[in-house]
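These notes concern the structure reproduced below.
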Amino acid sequence: NKRLKDVEISVPIVYGTTSFWLGKKASDHHSHKWTVYVRGATNEDLGVVIKRAVFQLHPSFNNPTRVVESPPFELSESGWGEFEIAITLYFHSDLCDKQLDLYHHLKLYPEDESGPQSTKKPVVMESYNEIVFSEPSESLFARVQNH
Ligand code: SLL
């Protein structure tokens with residue numbers, strides 16, 4: 001499997017969280033339902049490059065290390081507090097042996113606290129990034145091109 005010199009593949013990704021307040025269904029420990037995700041910035045299938053995503057939650061959660069082995073690379077939970085989520089991305093081995101660590105602050109509460117929080121409007125926090133693979137193998141290059 002030959003490597004292509006002087007070739008770079010750049011995969012644009014978006015990662016972040018959305019959170020809904022549970023309103024009447026809110027309890028002390030479960031006031032919000034939230035989702036953390038990693039997806040292609042233009043909706044490309046990240047399964048082509050990502051083998052596994054590991055979401056490291058706050059230790060107050062049961063089994064705080066959550067492993068997602070196939071797309072969509074996302075996870076939903078309910079809880080009461082904000083914290084930093086560590087997201088580790090593992091790539092297919094013909095691509096890159098190194099993992100990538102991302103950190104994302106789970107945001108539950110809107111900036112503007114003037115009125116009561118709505119149950120319909122999510123609080124969204126997103127970051128954009130590009131994963132660059134240099135000297136990809138021919139087979140990977142073909143896989144990505146055909147997508
Ligand atoms: C805080 N630093 O003290 C934060 C920690 C932890 C949030 C927030 C657990 C939910 C469950 C949960 O939401 N933890 O028990 O399932 O504000």
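No value in this document is a laboratory result; all are computed from the given coordinates. These numbers come from a predicted model, not from an experiment. All Cβ positions, even for glycine, are placed from backbone atoms using ideal geometry, and neighbour counts span all protein chains on display.
Calculate the dipole size of the range 1-114 relative to its Cα centre from +1 charges on Lys and Arg beta carbons and -1 charges on Asp and Glu beta carbons; express the result in debye to the nearest 20. Mind dumping the intermediate values first?
Values: 12 positive and 16 negative charges, 76 e Å.
Here the size comes out at about 360 debye.
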Report summary line: Of Lys98, Lys107, Lys51, the most mobile residue in a GNM of the chain (C-alpha springs, cutoff 10 Å) is Lys98
Query - Cα-based equivalent ellipsoid, the range 16-96: semi-axes from gyration tensor eigenvalues, Å - result: 28, 14, 8
Query raised in the report: Given the chain, what whole percent of its Cα pairs are spread farther than 22 Å?
Result: 46 percent
